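Worksheet for the structure shown next.
Laboratory data are not the source of any read-out in this text; all were calculated from the coordinates shown. Computed from a predicted structure; not experimentally measured. Cβ atoms come from the backbone with ideal geometry, glycine included; neighbour counts cover every protein chain shown.
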Amino acid sequence: MELAAPAIWLRDNCSCGRCRHANGQKLHGITDLAADLRVSAITETGEEIRIRFDGDEHEAVFDRDWLSTWWAEPEDGDGRTEDAKRTWSAADLATVPDCDWSAYRAGPAARLAALESVLSTGFVMLHGVPADDGAVLDVAETFGFVRVTNYGDLFDVRVEADPTNLAFTALPISPHTDNPYRDPVPTLQLLHCLSNAARGGDSGLVDGFRAAALLRAEQPAAFDVLTRTEVTFAFSAPDAELRARRPMIGLDTQGRIREVRFNNRSLQPMRGERVAEFYPAYRAFAEILNRPELRLVLRLAPGDCLVFDNTRLLHARTAFDAVGERHLQGCYADLDGLASTVAVLRRELA
Ligand code: OGA
Ligand code: ZN
Ligand code: ZN
């Protein structure tokens, strides 16, 4: 077998019992290995490949299939960037990814499909979750771990007398991501409808990755500004003083869109020379995010629970009149736990 991988890579990734614990974890670090290794001999026996080196006594052992597929597979990112997503505008979603709570709970196949939608489309709508206090936490616990914040394990979204956040009024809320003033940001959000009898109060979702890609295509200089300019988001309440400083559009090292933070309510004043180039870029992105064709309009009914990627999707609501009762409960969770649940379910169903 021709070995394309460098000697140090082969030595470092040896699968033998001296290099790996029975649990698969590696027992050595890079400084335990010689810096200038060369492959001196390769022995092939059936599926096993053994490699000896100049400069090290160790004989490294590999499974042939593992070695050839691992090395030949292109590096494809971590599943979080635009490359791994099915981005959309509203017309692309002839059907909204959804699942009945009873089916979700009854079997792993329905649960897997629902959770996969969160990874690919950015959200899933669950129907028929009991409209009970705290049920949103039960939903989060089916795939991961609730992220407790200063708002508690869950937060109530309804009109309050002395609101610390515009969410707790009857005012409209334009497309935004939640809690951009945290680092790490909660990467998943759940919104569960307990009642929605008010006139208005419709929900909207916008794919921020699609919007950012449109900005890149239409106004590359503005896109560039938003990826390079760190802005500060903050939230202040009697018991909290939160701030985080990140660009509105976050890229991975390959330049792929990986995270959107957008929230006009918590954006702090900028200082310095960047202001002049920032404002037109900020406006350009907001104008795209506000395009009606990008917004999926939904009306939550009691028992509906949206689960969405808060690093990608923006959510919004229209104003409502406070005569009828409108009450949502929300909580935060994280994508790593959901992705893990998806991977385990795929393993079980394979
Ligand atoms: C929120 C929010 C939307 C709504 O609480 O984060 O955006 O529909 N609420 O009330
Ligand atoms: Zn070894
Ligand atoms: Zn919100």
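Observations on the model:
- Close amide-amide hydrogen proximity is noted between Arg295 and Ala90, each under 5 Å apart and 5 or more residues distant or on a separate chain (H modeled in the peptide plane; Pro and chain starts excluded).
- Here the spin labels are modelled as points 7 Å beyond Cα on the Cα-Cβ line, and at Arg86 and Leu27 they lie 4.6 nm apart.
- Over the chain, Cα pairs under 8 Å with separation of 6+ residues give a relative contact order of 25 percent.
- Between region 285-350 and region 150-189, the C-alpha centres lie 13 angstrom from each other.
- Point-to-point label distance, Glu59-Ala276, nm (Cα→Cβ direction, 7 Å offset): 7.0
- Given R0 = 45 Å, the distance between the Cβ atoms of Ala113 and Arg245 translates into a calculated FRET efficiency of 0.75.
- Rounded to the nearest 0.05, the FRET efficiency derived from the C-beta distance between Asp162 and Arg199 at R0 = 25 Å is 0.55.
- Sorted by Cβ neighbour density within 10 Å, fewest at the top, the residues Tyr279, Tyr332, Tyr151: Tyr279, Tyr151, Tyr332
- Stretchable slack from Thr45 to Glu73, in nm (0.36 nm times residue separation minus alpha-carbon distance): 7.7 nm
- Amide hydrogen neighbours beyond the local backbone of Leu313, cut-off 5 Å, H modeled: Gly208
- Computed 3J(HN,Hα) for region 271-283, one whole-Hz value per residue from the Karplus formula 6.51 cos²θ - 1.76 cosθ + 1.60 where θ = phi - 60°, is 10, x, 5, 5, 4, 4, 7, 5, 4, x, 5, 4, 4, glycine and proline marked x.
- DSSP-defined antiparallel bridges as percent of all bridges, the chain, nearest 5: 95
- In sequence order, region 122-132 has phi-based couplings of x, 6, 9, 9, 9, 10, x, 6, x, 7, 10 Hz under the Karplus curve 6.51 cos²θ - 1.76 cosθ + 1.60, θ = phi - 60°, and Gly or Pro positions carry x.
- For region 1-59, a/c is not less than 1.5, where a ≥ b ≥ c are the root eigenvalues of the C-alpha gyration tensor, and a/b does not top b/c. That puts it in the oblate class.
- Calculated FRET efficiency for the pair Trp66/Ser120, C-beta based, R₀ 30 Å, to 0.05: 0.60
- Isolated cysteines in the chain, defined as those with no second cysteine Cβ under 4.7 Å, comprise Cys16, Cys99, Cys193, Cys305, Cys331.
- Across region 176-186, rounded Karplus estimates of 3J(HN,Hα) from the backbone phi angles (6.51 cos²θ - 1.76 cosθ + 1.60, θ = phi - 60°) give 8, 9, 8, 6, x, 7, 10, 9, x, 6, x Hz, Gly and Pro being marked x.
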